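Only the coordinates and a few stated rules stand behind these numbers; no lab work does. Quick caveat: nothing in here was measured; it's all calculated off a predicted structure. Every residue, glycine among them, receives a Cβ derived from its backbone with ideal geometry; neighbour counts consider all protein chains shown.
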Amino acid sequence: MYYNVTRLPRASDNPTIPLRSDAVTFLHLSANGRITQARTFPEKQAVLAELEYGYTLLAVWAHDGQATAYAIDDIAALRQTFKVYSGTAGRSYRTVPAELEARREEDAKRFEAKPCRMCGAQVGEACRTYSGRVAAQYHSGRDGSLSGTSRVPKSRHQSK
């Protein structure tokens with residue numbers, strides 16, 4: 001599912017938007033139709049770390065008795081502003097909210113309900129890499145949909 005935001009003002013055209021402030025809420029519209037809201041700095045970092053292909057990210061700024069939605073068009077600059085770098089995004093964050101991990105657990109139930117044709121993981125198991133380690137993401141199509149994947153929750157990475 002893709003969203004057309006071409007008629008919204010672009011955030012890069014308005015440098016006065018206080019993106020780091022709680023007055024601005026991020027709305028992440030994922031390719032599978034899920035909408036995630038982030039208001040605090042750690043929540044915004046988590047959303048930026050989780051962005052995948054097919055995302056739409058909006059910044060809604062509540063000011064002067066009105067709310068204005070802006071399309072975020074420069075993710076690289078925004079990640080730099082929030083200190084979310086590709087080497088650490090999604091892995092070493094201590095600030096990722098518990099709700100994000102809970103959502104990954106819900107997604108895991110859906111993905112692990114079927115065996116994976118790509119890696120041979122059985123029902124109830126996380127996807128595996130070629131070397132046999134737990135993969136970072138479930139393989140595309142394992143849940144029966146044509147949309148993207150989901151990250152494997154941290155609980156599946158722990159050795160048993």
(message) Quick check: residue separation of A67 and R133 times 0.36 nm, minus the Cα distance between them. What number comes out in nm?
(response) 19.2 nm
(message) Run the simple label-point estimate for R117 and K83 please: 7 Å along Cα→C-beta, distance reported in nm.
(response) 4.5
(request) With label points built 7 Å along Cα→Cβ from the Cα atoms of S140 and E125, find their separation and express it in nm. (result) 2.4
